[in-house]
Amino acid sequence: MLIDRLKSAIPIIIVICLCFFLPFQYGRLLFLPVAALMLSLACHETFELLNPPHKKPLKILAIIFGLSLIVMNVLLMVYKRLGIPYIMVLESLMLVLVILAAFCICFKDAPTKENINGTLAAIGATVFIPWSLSFIPRLFYYSSDFFDTRPVIFFIILVTKIADTGAFAAGSWTAKRPGGNHKLIPLVSPKKSWEGLIGGTVASLVTGSLCFLYWPISTYYYPNTGFSIVEVYVIAILASVIGLLGDLAESALKRAADAKDSGNLPGIGGILDTLDSLIFVFPLAYIYIMAKILMKH
């Protein structure tokens, strides 16, 4: 199983690292197709799990919405006159249009409970996946020739995914001990445990400390604006806990669909299984970082 996991994970890790560590002009060019592909696959897997009425047009609608959000943030980087308020207005307009379009698709059939619930679920999935994940390219394309936000994005991804790995290792180890471990929410995810949460949090804290000491650029995202060691610890703890909530939300979706994985990638399941812990982390990270930047000005 570990070999299968590595076969699928290593190519993804290499491509993502290239996005973050290539010279800026090349990294941002590579990031665009990578982000578009991963978002599209995550939307596809989500709608396959939900399986609402009119699945295909609703899925296409969600993917178009997500891709439009990525393009808007590219435009924000290229045309500096497009400030964040303009982007927020455009985003709100697009979201309203998506909701209207979803109900227009729903109106093709009789307003049965299944049809209405499916449409509402599809709208929820459109917010849950493309809108939430769009905060990664928002931060990514907030970079410019004068400052580069990529290291801090990589730092947040790193502490979140290391928490995932630490939780998996600690949970697997404690499950084999006499009496097993203490289950967190067995009805949603039988393998998640309190021991895993603690192990993941410790792993995230250690990773955050090492980054702060030996890779300080990862905690500085704007001139004279960075995370203190206390903030690094708070971010590490929140990344572990909030990342787990994203994982549990996706687990609930899979359990409702009676599916083990979101996709068919050997060892890691699907793209949604890979991104789930980031879904709730990055909207909060974006809000916090933008608030700090605004307070500096």
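Here, each number is a calculation from the coordinates, and none is a lab measurement. For clarity, every value in this text was computed on a predicted model and none was experimentally measured. Here the Cβ positions follow ideal geometry from the backbone for every residue, glycine too, while neighbour counts run over all protein chains shown.
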Over the range 75-191, one equal point on each Cα, no solvent: what is log10 I(q)/I(0) by the Debye formula at q = 0.16 Å⁻¹?
-0.95
Would you work out which of 54, 151, 125 lies farthest towards the positive end of the dipole of the range 2-295? Charges go on Cβ: Lys and Arg +1, Asp and Glu -1.
54
Given points 7 Å out from each Cα along the Cα-Cβ axis, report the residue 101 to residue 17 separation in nanometres with one decimal.
3.8 nm
Using a/c under 1.5 as the rounded threshold, could you call the range 9-137 rounded, prolate or oblate? The axes a ≥ b ≥ c are square roots of the C-alpha gyration tensor eigenvalues, and prolate needs a/b larger than b/c, oblate otherwise.
oblate
Ranked output for segments 246-254, 50-58, 11-19 by mean other Cβ atoms within 10 Å, highest leading, reads 246-254, 50-58, 11-19
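In this model, which of 108/192; 192/296; 108/254 are farther than 32 Å apart at the alpha-carbon? Could you put the intermediate results ahead of the total?
Numbers: 108/192 42 Å; 192/296 40 Å; 108/254 28 Å.
Check vs 32 Å cut-off fails for 108/192; 192/296.
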In debye, nearest 20: dipole of the chain around its Cα centre with unit charges on the Cβ of K, R (+) and D, E (-)?
20 debye
